[in-house]
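Accompanying notes for the structure given below.
The values are calculated or read from the model by the stated rules, or taken from the named source; none is laboratory data. Please read these numbers as outputs of a predicted model, since none were measured by experiment. All Cβ positions, glycine included, derive from the backbone under ideal geometry; neighbour counts span all protein chains shown. All accessible areas refer to the heavy atoms of the entire protein, side chains included, with ligands and DNA or RNA removed. Shrake-Rupley method; radii C 1.70, N 1.55, O 1.52, S 1.80 Å.
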Amino acid sequence: ECFNLGWSKSNKLDVAPNIVAISERFNKMNLYIQVSILREKDVKKRQALISKVIEIAKYCRDLNNFTTINQIT
């Protein structure tokens, strides 16, 4: 899937279903974090959400989970 660049072809769901699934999950998680923060009208609650995301990113860094750090930041 990776070496043949299957995810960039028109039949990507057939030739690279795993890479497409990972990419979609990455994008959905990133969008969820963005929407969760921006939807909050109260500035203090928004600040708390941002602080929580930063805490989670630090925890992920300690675990060497760089993929999740990229998803949420």
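Tabulated data
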{"read-out": "Single unsatisfied condition, residue 41 versus (1) open to solvent by 60 Å² or more (accessible area, probe 1.4 Å); (2) not in a loop (DSSP other than H, G, I, E, B); (3) not hydroxyl-bearing (Ser, Thr, Tyr)", "value": "(2)"}
{"read-out": "Residue 28 being within 30 Å of residue 11 (Cβ to Cβ), part of a helix (DSSP H, G or I) and basic (Lys, Arg)", "value": "yes"}
{"read-out": "When residues of the range 13-60 are limited to those that are of a type in the set (S, T, N, Q) and under 30 Å from residue 3 (Cα atoms), the one farthest from the chain's Cα centre (by Cα)", "value": "18"}
{"read-out": "Restricting the range 61-73 to residues that are modelled with pLDDT under 95 and open to solvent by 70 Å² or more (accessible area, probe 1.4 Å), the residue that is farthest from the chain's Cα centre (by Cα)", "value": "66"}
